[in-house]
Amino acid sequence: MSIEIIQTTLPSGKTVSAALARATRADAPGLILIHEWWGLLDETKAMAERLALQGYNTLAVDLYDGKSSMDPAVAGKLMNGVDPAEATATLTAWNTWLREHGARKVGTLGFCFGGTWSLKASLAAPVDATVVFYGGVKHAAEELAALHGPVLAHFGSKDTIFTPELAQSLERALKQAGKTGDVYTYLADHAFAREGGPNFEPGAAALAWQRTDAFLRKHLEAAAGTAAYTPPARQASFSEIPLISIASLGRGDATEAATIAAIRKAGQEVGFFYITDHGVDLAKMHGIIEQCRRFFALPKAELEEMRLANSQCFAGYLAVGERGANAQRPRDLLEAFNICTELPPDDPFVLRKVPLHGANQWPASLPGFRESVLDYYREMDKLGLRLLQAFALALGLDRHALDAQYRKPISQLRLLHYPVQDQAVDEMMGARSHRDVGVLTILLQDDVGGLEVCNAAGEWIVAPPIDGTFIINLGEMMKLLTNDQFASALHRVVNRYGRQRFSVPYFFNPDYDARLSTLDQFIDATHPAQFKPIHVGQHMFNFYRNLWPNTAAMAAE
Ligand SMILES: O=C(O)CCC(=O)C(=O)O
Ligand SMILES: [Fe+2]
């Protein structure tokens, strides 16, 4: 890919230049990329090249007449020297140029100073999609009436230059003007998407780019099949958190063997992977997120009636910050609704008062909620067992070798609600870094994002939402079974993305009475057993009671 420097002439007679990165198709949509206050740097040109690969004829314009500087004092002077009328004429001229060269749609995209001008350009001449990364967007609704296409804007909650209040005023003015606009605020500072900059925030940058990518594709109608943008962030790529189709599971043929090999590799190297072709209906996946939305919108008093502390089996509602026996544990910024296996009152385990077996609590005022949640629970039970069998194969065992300890598993489903986080990460976060304690977790997340996984190098990798997939992660019991051959990765949730988030993890665990010990094949002279065997039920009971209030469960003990 190469960059060409091209020129055009303004009505005033002045010649201006820009760096053009061409997409492969001549009739590709056009994108005007506007630099930060430093001027047109090589990094902006490199971004233009990446955007061209994604399917846009991208013009990295120059509003500083060839000058640039990384010295803030000089950059400030350059910025203040910009003549607004000339900048407007320049951006309008490039819009015309792109359309005259085959673009049916034209978008603008800019950062900081360029963010300001991305919106101004769209007020001066028709633009089909406008993207602003933290720019000066103070415009009255009357001015915004001139907008032709939708706006997508990204701001940092800690930005003192282009503040969250400014973001809100843009949102209000767009609404008032009857224009389409999505304004997002991330838990981040100014210029959070600038890789290598002091405020670079990979998680926020990754999600902002993901949204930008989807927005531009939609509104500029980029040709189908063009490469996806690779943001300059530590967004998890599939080589880091793999995406595995499990369509072949159960076939017993070579295609299944390949899937098993991929699962083994993911288990050993990452501890996390996405699955597709898992057989769970997309409508059910979206449906359970909808049930989360309904549930957590219930009046506080009704939620409190279902408090987890009422329950003998840690099922029920947990408010933000509630803790169990371990009062030292920092509080997480989430509320939860726990559901355990639904058992009838005459179930032998319930009659014998075996811990962790009992009744769920259900809201009286949500028709269909219980049915939907239990239906989803059953889907997870089935999927959990299929995955367990895949793991048995991945461990070199017979497909059904582990089944016997999963006859009446003490799995748990949790509906989670993460409010928007606007405090600093180290004060209180969605879910503090932890490893899951069971065998494996099947996680469904909504489209907000927030899950981050720690890789072997100690970096936090974003695990972005991918519609229609589940994330599978291995827990400490898998580590015990395999003598630490299968990773159980640290992960956390930081809701930096300006919207409330819902997720639904299902924790797949063995039977209450199961005793887990390391499988023989993982122990030899050079790999002595590292873990003591555990009684699954007692282990989980102790774990839960440290974590959650447990008055009723203790009373039954
Ligand atoms: O909400 C999420 O995405 C992850 C939740 C989680 O890690 C957990 O509950 O163990
Ligand atoms: Fe977890």
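Remarks
- Sorting 523-534, 42-53 by average packing, meaning the other beta carbons within 10 Å per residue, from highest down gives 42-53, 523-534.
- The range 47-88: C-alpha gyration tensor shape, a/c 1.5 cut-off, then a/b vs b/c: oblate
- Normalised by residue count, the chain yields a Cα convex hull volume of 174 Å³ per residue.
- Hypothetical label at LYS353: residues of the range 301-344 whose amide nitrogen lies under 15 Å (7 Å Cα-Cβ projection): 311-313
- Greater than 28 Å apart at Cα, pairs in LYS179/LYS300; LYS67/LYS175; LYS77/LYS179; LYS14/LYS105; LYS67/LYS218: LYS179/LYS300; LYS67/LYS175; LYS77/LYS179; LYS67/LYS218
- Alpha-carbon spread of the range 429-557, three principal axes, descending order, Å: 49, 44, 26
- Within the chain, antiparallel bridges make up roughly 65 percent of the DSSP beta bridges whose residues both belong there.
- Rounded Å value of the spacing that divides the Cα centres of the range 324-367 and the range 95-137: 53 Å
- Lys/Arg +1, Asp/Glu -1 at C-beta; the chain dipole; positive extreme among ILE339, GLN389, SER69: ILE339
- Gap separating the Cα centres of the range 180-209 and the range 295-321, nearest whole Å: 34 Å
- Computed from the C-beta positions of ARG370 and PHE543, the FRET efficiency with R₀ = 22 Å rounds to 0.25.
- FRET efficiency estimate (nearest 0.05) - Cβ-Cβ, ALA141 to THR8, R0 30 angstrom: 0.40
- The range 318-377 shape via C-alpha gyration tensor axes, a/c threshold 1.5: oblate
- Heavy-atom accessible area per residue - the range 4-220, 1.4 Å, Å²: 40 Å²
- Centre separation in Å (Cα based) which lies between the range 17-89 and the range 142-168: 20 Å
- The range 112-230: C-alpha gyration tensor shape, a/c 1.5 cut-off, then a/b vs b/c: oblate
- Fraction of beta bridges assigned by DSSP in the range 4-220 that are antiparallel (%, nearest 5): 30 percent
- Residues in the range 487-523 reached by a label modelled at LYS532 [backbone nitrogen below 17 Å; 7 Å Cα→Cβ]: 515-518
- Close amide H pairs (under 5 Å, H built 1.01 Å from N) link GLY136 with THR116, residues at least 5 positions away or on another chain.
- Estimated distance in nm for a label pair at LEU123 and ASP27, the labels positioned 7 Å out from Cα along Cα-to-Cβ: 3.5 nm
- Count Lys and Arg as plus one, Asp and Glu as minus one, and take only other residues whose Cβ is under 11 Å from that of ASP83; the net charge is then -1.
- Projected label points at SER433 and ASP520, each 7 Å from Cα along the beta carbon direction, are separated by 3.9 nanometres.
- Here is how the number arises for the chain: DSSP H runs of 4 or more residues each give -39500 (n - 2.57), the sum is divided by the residue count, and the result at 222 nm is -10000 deg cm²/dmol.
- Note on ILE161 and VAL74: their simple-model spin labels are 1.7 nm apart, each label 7 Å out from Cα toward Cβ.
- Of the solvent-accessible surface of the range 4-220, computed with a 1.4 Å probe and all protein chains present, 52% belongs to carbon and sulfur.
- If you model the range 354-464 as an ellipsoid using its alpha carbon gyration tensor, with each semi-axis the square root of five times an eigenvalue, the axes come out at 28, 24, 13 Å, biggest first.
- Values of log10 I(q)/I(0), in the order q = 0.07, 0.10 Å⁻¹, for the range 4-220 under a Debye, Cα-only, solvent-free model: -0.18, -0.38
- Residues with amide H under 5 Å from that of TYR274, placed H, sequence gap 5 or more: LEU243, ILE244, ILE472
- For peptides 170-180, 4-14, sequence by mean Cβ density within 10 Å, most packed first: 170-180, 4-14
- The value obtained for the range 77-156, namely the Cα convex hull volume divided by the number of residues, is 93 Å³ per residue.
The values are calculated or read from the model by the stated rules, or taken from the named source; none is laboratory data. For clarity, every value in this text was computed on a predicted model and none was experimentally measured. All Cβ positions, glycine included, derive from the backbone under ideal geometry; neighbour counts span all protein chains shown. Accessible surface areas use protein heavy atoms only, side chains included; no ligands, DNA or RNA. Shrake-Rupley method; radii C 1.70, N 1.55, O 1.52, S 1.80 Å.
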